[in-house]
Amino acid sequence: MIRLNGVCKSFGNLEVLRDIDLHVAEGEKITIIGPSGSGKSTLIRCINALERPTTGEIFLNGEPLLASNHTQMVRMYCAMVFQQFNLYPHLTALQNITLAPVKLQKKGRAEAEEIAWHYLDVVGLREKAHVYPSTLSGGQQQRIAIARALATRQKILLFDEPTSALDPEMVQEVLDVMIRLSQEFITMIVVTHEMGFAKQVADRVIFLDNGVLVEEAPPGEFFANPKNERTRAFLSKILH
Amino acid sequence: MGGPFSFRRWARLFADYSIFLEGMGITLLVAAAALGLALVLGIIFGLFSTSSLRPLRSLSRVYVEFFQNTPLVIQIFFIYNALPYVGIRMPELLIGVLGVGVYHGAYVAEVVRAGITSIPRGQWDAARSQGFSYVQAMRHIILPQTITIVLPPLGNQAVNLIKNTSILALIAGGDLMYRADSWAANGTLSYGPAYAVTGVLYFLMCFPLVKWVRKHELRIKNRDARAPADIPPAEKAGA
Ligand SMILES: Nc1ncnc2c1ncn2[C@@H]1O[C@H](COP(=O)(O)OP(=O)(O)OP(=O)(O)O)[C@@H](O)[C@H]1O
Ligand SMILES: [Mg+2]
């Protein structure tokens, strides 16, 4: 579903991603962990074309992601959930969810709203449909953002630290939604510091350090006996 | 004889009130047309200045800096006195519309630019991550948020623009200021009442606009508190 071949990304002189090779099968759940500044956000921003790799190729569903087609490709395959939610503040929750289906997927308003109500139920926020984002708590905003991402029914869902901007008591409500999602046949890539979530949901855990993909393994193996020295050092820091 | 505000001078003014009303009509007409022009230019150059294409940004910069850093009166006199030498002759009112419109267009461009760049980067990220193109993101996500931000400064621009149309008095433009001035100068010498009434008339044109801007600002602030509308019953679980 997603393939990265030798992806490098630099901002000026700063090399942020170094020769990343990655293959994610359809329906797979991947979590990416790594220290701050290691390039995790940049990696998933490359996958949905918010950044362009300096060199290397990215394929979605076998098709190359190019400067000429990326808007179409993203529209067809990807949806993303951000650390800062990024809801559209001038639209109600319901309108946030229906905007892309109506304007990009050319669905009728009635059909788009029907889908929106469904996903509002999935995230448990039906009663908040007509309020503006600024009146919602962080956790509620993030659940609306997830509903917005789901409503376009893409095959690939990208999450960039969806719980790290939340107050501790709201983290679980968002994780619960994501755990429920992981039972569906959606390809998910989740950048997170929630090791519990990674253990429970991921098919594979990827460790990124200083722009290098250091280690990838199923969570059991990854957490029980990491092969790489740097992985071990990182895990011992965050698990204790 | 009495002072500059003697009863006799006021009486003359009220006998000739239609001159003032006509002048006010002309001023409103010029202001409306110039505002339209300023908005069109301001939006175009404001968009240019946030474009990723360097030539467009430079073009916008030159336009804005040129008109912000030269006096309006030079621009008006240039069109009125200099352009006829190259065969371009325009009626005074058109000069007013062009001069004032282009001048304020530069300020509107700055307002639009500031509005667009004040939208957080995350809004662009969200829009692009959903597959909105640049133009679609601008239209559905960025500009609607920009409008609420720029309306108050645009209102202020409109007020300045109305006042600045009085520059037409310098080229015999037939606007309110010109009518008042020439009415007083030609025989009546009632400058005091003429300028006082003219000031009141300008105030009447500008103040409602200021009021409207303030009300609009409040409305935006209160928008978030709007009451929720109908919510259909939940669908059956397990959908
Ligand atoms: N647009 C940009 N321009 C310049 N440098 C950037 C840009 N975006 C990211 N960087 C730099 O690239 C490096 C990697 O950033 P990135 O956001 O991908 O890290 P991260 O692993 O997501 O970190 P965090 O855990 O803090 O979110 C950082 O040093 C960052 O400063
Ligand atoms: Mg990050």
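The values are calculated or read from the model by the stated rules, or taken from the named source; none is laboratory data. Nothing here was measured: the structure is a model prediction, and the numbers come from that model. All Cβ positions, even for glycine, are placed from backbone atoms using ideal geometry, and neighbour counts span all protein chains on display. Keep in mind that these areas ignore ligands, DNA and RNA; they rest on the heavy atoms of the full protein, side chains included. Shrake-Rupley method; radii C 1.70, N 1.55, O 1.52, S 1.80 Å.
Here are some notes:
- The distance between label points at B:L204 and A:C8 comes to 7.3 nm (points 7 Å beyond Cα on the Cα→Cβ vector).
- Given +1 at the Cβ of Lys and Arg, -1 at the Cβ of Asp and Glu and no other charges, the dipole of the protein assembly as shown around its Cα centre is 1220 debye to the nearest 20.
- Spin-label model distance (nm) - B:R121 vs B:N186, 7 Å beyond Cα toward Cβ: 6.3
- Computed extension gain for B:R54 through B:V40, at 0.36 nm per residue and net of the alpha carbon distance, reaches 2.9 nm.
- Taking all Cα pairs closer than 8 Å and separated by 6 or more residues, the relative contact order of chain B comes to 29 percent.
- Probe 1.4 Å - accessible area at A:K40, Å² to nearest ten: 10
- Förster radius 60 Å - calculated FRET efficiency between B:A172 and A:S36, Cβ distance, rounded to 0.05: 0.30
- Extending 7 Å from the Cα toward the beta-carbon at both B:A82 and A:A224 defines two label points whose distance is 8.4 nm.
- Pairwise burial A:B, computed as accessible area of each alone minus the pair, summed, 1.4 Å, Å²: 2700
- A simple rule links phi to the HN-Hα coupling: the Karplus curve 6.51 cos²θ - 1.76 cosθ + 1.60 with θ = phi - 60°, which for region A:60-75 gives 10, 6, x, 9, x, 8, 10, 4, 7, 10, 5, 4, 4, 5, 5, 4 Hz, with x for Gly and Pro.
- Once the 1.4 Å probe is applied to the protein heavy atoms, chain B comes out at 54 Å² accessible per residue.
- Net charge dipole size for chain A [Lys, Arg +1 and Asp, Glu -1 on Cβ; Debye, nearest 20]: 480
- Placing +1 on each Lys and Arg Cβ and -1 on each Asp and Glu Cβ, with no other charges, gives region A:1-94 a dipole about its Cα centre of roughly 220 debye.
- Difference of contour (0.36 nm per residue) and Cα-Cα distance, B:F5 to B:N69: 19.2 nm
- Of the GluC sites (Glu not before Pro) in region A:107-216, those whose Cβ has at most 14 other Cβ within 10 Å and which sit in DSSP loop: A:E184
- Prolate/oblate/rounded label for region B:7-226 (Cα gyration tensor, a/c 1.5): oblate
- Cα gyration tensor, the protein assembly as shown - rounded (a/c under 1.5), prolate or oblate: prolate
- Evaluating 6.51 cos²θ - 1.76 cosθ + 1.60 at θ = phi - 60° for every residue in region A:213-225, the Karplus couplings come out as 7, 7, 7, 9, 6, x, x, x, 5, 4, 7, 6, 9 Hz, glycine and proline recorded as x.
- Ranking A:A25, A:H118, A:L104 by how far each Cα lies toward the positive end of the dipole of the protein assembly as shown (charges on Cβ) leaves A:L104 at the top.
- Solvent-accessible area lost in complex, 10 Å² minimum, residues of region B:131-151 relative to chain alone, 1.4 Å: B:G131, B:F132, B:S133, B:Q136, B:H140, B:I141, B:P144, B:Q145
- Across peptide A:84-92, the average count of Cβ atoms from other chains found within 10 Å of a residue's Cβ is 6.
- Mean residue ellipticity at 222 nm, helices only, the protein assembly as shown: -17000 deg cm²/dmol; runs of at least 4 DSSP H residues each add -39,500 (n - 2.57), and the sum is divided by the number of residues.
- Proximity of backbone amide H atoms, modeled 1.01 Å from N, is registered between A:L66 and no other residue at under 5 Å, excluding neighbours fewer than 5 places apart on the same chain.
- Evaluating 6.51 cos²θ - 1.76 cosθ + 1.60 at θ = phi - 60° for every residue in region A:171-186, the Karplus couplings come out as 4, 5, 4, 6, 4, 4, 4, 5, 5, 4, 4, 5, 7, 8, 8, 10 Hz, glycine and proline recorded as x.
- Taking the protein heavy atoms of the protein assembly as shown in the context of the full set of protein chains, the accessible area attributed to carbon and sulfur is 59 percent at 1.4 Å.
- Options B:V200, B:A169, B:S190, ranked by Cα towards positive dipole end of chain B, top entry (Cβ charges): B:V200
- GluC sites (Glu not before Pro) within region A:14-96: DSSP coil, no more than 16 neighbouring Cβ in 10 Å: A:E26
- Rounded if a/c under 1.5, otherwise prolate or oblate - region A:59-180, Cα gyration tensor axes: oblate
- Full extension of the chain segment joining B:M90 with B:A15 gains 23.7 nm, where the gain is 0.36 nm per residue of separation less the Cα-Cα distance.
- Note on the protein assembly as shown: dipole from Cβ charges, positive end direction compared against B:V111, A:C78, A:A217; the farthest Cα belongs to B:V111.
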